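Written below as structure tokens is the structure these notes are about.
Since every read-out is calculated from the coordinates, none of them should be taken as a lab result. As the structure is a computational prediction, the values presented were derived from the model and not from experiment. So basically every Cβ, Gly included, is an ideal-geometry build from the backbone, and we count neighbours across all protein chains shown.
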Amino acid sequence: TMTRPGDGLERRTETVGRVMPHVEVKVVHPDSGLTVPRGEPGELCTRGYSVMLGYWDEPDKSAEAIDAAGWMHTGDLASMDEHGYVSIVGRIKDMVIRGGENVYPREIEEFLYRHPDIADVQVIGVPDEKYGEELMAWIIMKEGADPLTDTALRAFCAGKLAHYKIPRYVHVVDAFPMTVTGKIRKVEMREEGVRLLGPGR
């Protein structure tokens with residue numbers, strides 16, 4: 001996908017544009033594989049000359065990524081508006097299911113960036129006996145700012161985010177765990193979150 005020169009600022013900054021010529025895209029329900037209605041989130045799939053043939057000497061991995069009809073399943077959560085503009089809303093593996101509600105951490109992260117004392121934030125899901133998963137916000141504070149408490153963060157979110165999207169736990173850190181290539185290690189963050197919360201919460 002790509003935006004066009006004539007697209008307005010909002011579409012150029014908030015979407016990844018429309019599908020390119022000779023390429024197909026669709027947004028499907030991650031479980032059923034059926035195309036979702038416009039505006040609803042689902043997995044972004046693409047098909048065409050730009051899609052790889054597969055992984056070298058890894059047929060099982062290739063079959064996971066590219067289905068029998070030639071659609072590559074990107075693992076990206078996206079939505080498409082009525083004009084064909086695609087917005088990326090997160091990654092399937094990062095999606096949190098809290099009490100039956102699908103929660104997209106990226107949406108919450110983008111809201112929390114509005115807080116004047118937050119320099120960076122990552123939201124993850126941690127196991128919860130009642131809801132299946134609960135939200136934990138890992139936060140890097142701006143220099144000189146006091147650490148945020150769970151209560152203060154919930155007060156900041158109240159009335160602006162749906163109740164099930166408000167992080168229950170806050171963990172203030174100096175840095176996020178990173179891979180050697182500079183990607184945030186959310187799996188490690190989840191493991192640490194479980195350890196910090198301990199049993200019986």
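Using only helices, what value at 222 nm comes out for the chain when you add -39,500 (n - 2.57) per DSSP H run of length 4 or more and divide by the total residues, to the nearest 500 deg cm²/dmol?
My calculation for the chain gives -5500 deg cm²/dmol from helical runs alone.
The simple spin-label model puts a point 7 Å past each Cα toward its Cβ; for E24 and D60 those points are separated by 2.9 nm.
If you take all other residues with their beta carbon under 14 Å from the beta carbon of G159, and give Lys and Arg +1 and Asp and Glu -1, the sum is +4.
Could you work out the equivalent-ellipsoid semi-axes for the stretch 99-201, taking the square root of 5 times each eigenvalue of the Cα gyration tensor, largest first, in whole Å?
On the way: eigenvalues 76, 66, 35 Å².
With the √(5λ) rule applied to the stretch 99-201, the semi-axes are 20, 18, 13 Å.
Extending 7 Å from Cα along the Cβ direction at T35 and again at M52 yields two label points whose distance is 2.7 nm.
Converting phi to 3J(HN,Hα) with the Karplus coefficients 6.51, -1.76 and 1.60 and the offset θ = phi - 60°, the stretch 93-107 yields 5, 8, 4, 10, 10, 10, x, x, 9, 7, 10, 9, x, 4, 4 Hz in sequence order, with x at every glycine or proline. The value of relative contact order for the chain, using C-alpha pairs under 8 Å at least six residues apart, is 13 percent.
Using a 10 Å cut-off on Cβ atoms, rank the peptides 140-152, 36-48 from the highest mean neighbour count down. Could you put the intermediate results ahead of the total?
Details: 140-152: 12.6, 36-48: 17.4.
The most tightly packed comes first, giving 36-48, 140-152.
Averaging 1/r across all pairs of distinct Cα atoms in the stretch 9-92 and inverting the result yields a Kirkwood radius of 13.4 Å.
The lysine pair count for the chain, using Cα distances under 26 Å and pairs eight or more places apart or on different chains, is 20. Against the chain, whose longest principal axis comes from its Cα atoms, helix 186-197 is set at around 30 degrees.
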